[in-house]
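One structure is given here, and the rest of the page talks about it.
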Amino acid sequence: MTEEKDLNEINEKEMPFLDHLEELRWRLIYSIIAVVTGAIVVFFFSKEVLDILIRPYQKVGNQPKLIYLEPAGGFMIYMEVAFFGGLIASLPFVFYQLWKFIAPGLYRRERKYILAIIIISTISFIIGMVFAYLIIIPFSLKFLLLGFQTDTLAPNLAINKYLSYVLSMIFVAGLVFELPLISFFLAKLGLISAKFLREKRRYGIVIILTLAAILTPPDVASQMLLAVPMMVLYEISIWVVSMTVRAKQRKEEGEAESEKPKPPSETPPVASNSTSEKTNDIQKDVTSTVPASPEQTSSDQEITNTYLGGMATEKTADVKNSLAFYQNLDESELIQRIKQVKLAYGHQLVLLGHHYQQDAVINLVDFEGDSFKLAQIAAEQEQAKFIVFAGVKFMAESARILGRNDQMVLHPDPGAGCPLADFADLGQVEAAWKILVDIFGSEKIIPLTYVNSTSEIKAFCGKNRGAVCTSSNAHLAFHWGFTQAERIFFFPDENLGQNTATKLNLPENQIRIWDPNQENGGLIREEIEQTRLFLWKGHCHVHTAFTIKQVISMRQQYPDAKIIVHPECRKEVVDLADANGSTEFIIQYVKRARKGQTIIIGTEINLVQRLAQRYPNKTIIPLASYACPDMSKINLQNLCWTLENLGKVNIVTLPDSIIEPAKLALDRMLQISHREILRKK
C-alpha cells in the first residue's frame, strides 16, 4: 500500500528528540546567515528603501520632517531598514529551511509540493505587505495624524517610532495572509475540518478582533482595516480546507478501491484474512437491511439493502457518499445514523472502543477495553460478522489476527497509527537480530514484543520462537523468555522493558538499549556479550511526556493522594509513583479505592477524565493533560462513514504469511498467562 510505504519511509528517518533539536538548530543558523547576508546587501540601498517607507507619511499633508533624538539614531535607522530588507529578501530561503525541517515527517508524495509551497508562501506574504503599505498604513496615518490635529496640538514624530509602526504593520499583514496556507497544512494533518471552522466561526471572529486590537494602534479604524481582511481570509481558509479534505478523501477512496481484492465478476467481493474463499459464509448469514435516513434517496436505500455486510454486486460497487459528506453532518445526526446501522445489523456487528477514545465514540461502542482484551472479545462473538475497531492501526490488525475466518475487521481511519509501534521497523529488526544471532546463536536469544507493535513484528517473533506481551503480563513473558533462552530482545518500548526488568530485579549492568540508527545498536562487543536484556530504542510519545517535576509538584499539592502511572512512562517517573500498571490495572485501582480518595493518574487524558466522571465520590486528577493524537483521529464522521459502507472502505486485510506466525506469538502469550492462572489456583 502507498500509505504503508510512506510510513516505512518516515520510520526509517525517525530521529530522537535531541536530533530534532540539532536539525532545528542548523535550520535556524542557515536562516540567520541568509537574513544577515540579505541585510548586508540591502544596507547599500537602505536610503532608497527608507524613502519608500516614509512615502505614506509624506502623502498625509504638511507634516514636519521625521526626526531622530540621539547621535547614532540615523545610523540605527538604516541598520533597522537593512535588517528588515534582508528578512524580506531571504523569505524564500527561510521558508525553504522551514519546509526542510518538517519534510521528514511528511509522505514522499507530499514533499513534491515544496516548490509550490515556497512560491505560494512568499507571494502570500508579499501580498500582505503590499496591502498594509497601500491601504492600512496610509489610511491609519491620515486618521491618526490629521484627525486629532488642532492649532495647539500637532504631531512631531521620531523616525524610530514611525518606522517601528510601519514595519510591524507590514510584517503582521504578511503573516496574516499566510492563514489559508496554514489552514491547508492543518487540514492535511487532519487537525481541522471545514465543519470545525464553520462551527467555530464566532470564536474565530472574536479572536480576529482581539488580535487586530493588539497588533494595531489603539483606534477602531486601524483595527478594522486589519480585522476585515482577516475575516475574509478566514472564509477563504474554510474553502481551502474543504477542497483539501475532499481531495484527500477522493485519493484515499481511490487507493482503498485499488487495494481491494479483485474476485471474479460473478463472485461478490469480500475482505477476509487473505483469500476470497470465505465470502460465502459471511454473505449467507447477513440478512438484515439498514433503514434509510431522511437524507437517503430510494436509490441509496436500494444500494444499502443489496449491499449487506460488504457483499456487493456490480450494481453497488461504488462507495455511498464520501467522507467529506459526513464531515458536514452535525453530531446528533451522526449518532442517529450510527445507531441505525447497529440496530439493523444487531449481533452481526460489533463495535469496539479503546479506553483512550473520546467520549463521543465510547458512548456508542459495544465493548470498551485495552487492545488485546478487545481483540479477544471480538473473536469470542459467535454471531459477529463485522468487527469495527475504534483504536489505532495495530489494534485493528490484532483483531484481524485473532479473528475468525468468517469475520471482517474494519478500522475507521487507517491513518490512525501508533508512533510507538512504528519505532520497530521490520528491516532494522531483522538486521539487528542477525547481528545478535551471529554472536550468540539462535538458541541463546529469544525475541519478545509488546502488543503495541506492528503485525510484521509480531510475525517476526512468532517465527523465531518468541511471544507477545501486554503491559499487564510483561513480567510473565520476561520470566518465560529467560526459561527459553539466556537473552531477550524486547521491542519496541524501552520504558516498559526497563520497568519490567526492575520488577524482576534484573541487574542494570545486564540491560542495554539497542539503537537501530547506530552501528551494532551503539554497543561495543564487550557490552553486547554482558547483556541479558536488549531493549529496542522506542517509546510512547504520550507517556514519556510525564516528568519527575510533575510528580513532585503533585506530591506537594496533594500530600495524601496516590499517584498511579502507566509502565510506558520513564523509569524515574514510575519509581516515584505509588503504583504502576496497565489501563485495566488503573481502572480497577480507581474502582477499588475508598470513597473520598484522591488519585493522580499518569496516562492518556480521555481515560482519566472518564474515570473522574464515573467515580464522582473519588477525586481523580490527571498528572498532566496529554492526549493521543492518533486515537483522536477516530471520530463520529469516519466511524459513521465506515459503518454505512461496511465491507467497502477501511477493511483490515493481512496475508497468511503474517497472520499465521503473528497468531502463534499471540497464542504463546495466552499460554503463558494461562499457566500463571493455573499456578495461582
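The values are calculated or read from the model by the stated rules, or taken from the named source; none is laboratory data. The model shown is predicted, which means the values in this text are computed figures rather than measured ones. Ideal geometry is used to build each Cβ from the backbone, glycine not excepted, and the neighbour counts take in all protein chains shown. To get the accessible areas, we keep the full protein, side chains included, count just its heavy atoms, and leave off ligands, DNA and RNA. Shrake-Rupley method; radii C 1.70, N 1.55, O 1.52, S 1.80 Å.
Here are the numbers for the structure shown:
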read-out: Which listed residue is under 30 Å from GLU331 (Cβ atoms), at pLDDT below 85 and either acidic (Asp, Glu) or not in a loop (DSSP other than H, G, I, E, B) (or both), from LEU197, LEU225, LEU145; value: LEU197
read-out: Filter result for the condition that a residue is touching a Gly at 6+ places or on another chain (Cβ under 9 Å), closer than 20 Å to CYS469 by Cα and of a type in the set (Asp, Glu), over GLU584, GLU568; value: GLU584
read-out: Search result, residues across region 336-358 that are closer than 13 Å to THR642 by Cα, hydrophobic (A, V, I, L, M, F, W, C) and in a helix (DSSP H, G or I); value: ILE338, VAL341
read-out: Scope region 301-317; condition part of a helix (DSSP H, G or I), open to solvent by 20 Å² or more (accessible area, probe 1.4 Å) and either in contact with a helix residue (DSSP H, G or I) (Cβ under 7 Å, 6 or more places away or on another chain) or modelled with pLDDT of 90 or more (or both); matching residues; value: ILE303, THR306, LYS315
read-out: Residue match in region 411-419 (condition: of a type outside the set (Lys, Arg) and assigned to a helix (DSSP H, G or I)); value: yes
read-out: Meets criteria (open to solvent by 30 Å² or more (accessible area, probe 1.4 Å) and under 25 Å from the mean Cα position of the chain (by Cα)) for SER657; value: no
read-out: Those residues of region 359-387 which are open to solvent by less than 20 Å² (accessible area, probe 1.4 Å) and either in a loop (DSSP other than H, G, I, E, B) or among the basic types (Lys, Arg) (or both), in sequence order; value: LEU364, ALA384, LYS385
read-out: All positions within region 318-346 that are more than 26 Å from the chain's Cα centre (by Cα) and at pLDDT below 90; value: ASP318, VAL319, LYS320
read-out: Qualifying residue in region 554-564 (condition: closer than 26 Å to PRO492 by Cα and of a type in the set (S, T, N, Q)); value: no
read-out: Residue satisfying condition, being over 25 Å from the mean Cα position of the chain (by Cα), more than 20 Å from ILE528 (Cβ to Cβ), among the charged types (D, E, K, R) and open to solvent by less than 40 Å² (accessible area, probe 1.4 Å), within set ASP413, ASP406, ASP422; value: ASP406
read-out: Residue selected from region 200-222 under the condition assigned to a helix (DSSP H, G or I) and at pLDDT below 80, by the criterion surrounded by the most Cβ atoms within 10 Å (Cβ to Cβ); value: SER222
read-out: Members of region 609-641 found to be basic (Lys, Arg) and touching a residue at least 60 places away in the same chain (Cβ under 8 Å), listed by number; value: ARG610, LYS633
read-out: Within region 96-141, helices (runs of 4 or more DSSP H) holding 2 or more residues that are in contact with an Asp or Glu (Cβ under 8 Å, 6 or more places away or on another chain), modelled with pLDDT under 85 and surrounded by fewer than 16 Cβ atoms within 10 Å (Cβ to Cβ); value: 108-111
read-out: Positions within region 69-95 being in contact with a Ser or Thr (Cβ under 8 Å, 6 or more places away or on another chain), farther than 18 Å from TYR165 by Cβ and open to solvent by less than 80 Å² (accessible area, probe 1.4 Å), in sequence order; value: ALA82, GLY86, SER90, LEU91, PRO92, VAL94, PHE95
read-out: Any hit, region 431-441, residues being in a strand (DSSP E or B), open to solvent by less than 10 Å² (accessible area, probe 1.4 Å) and at pLDDT 95 or above; value: no
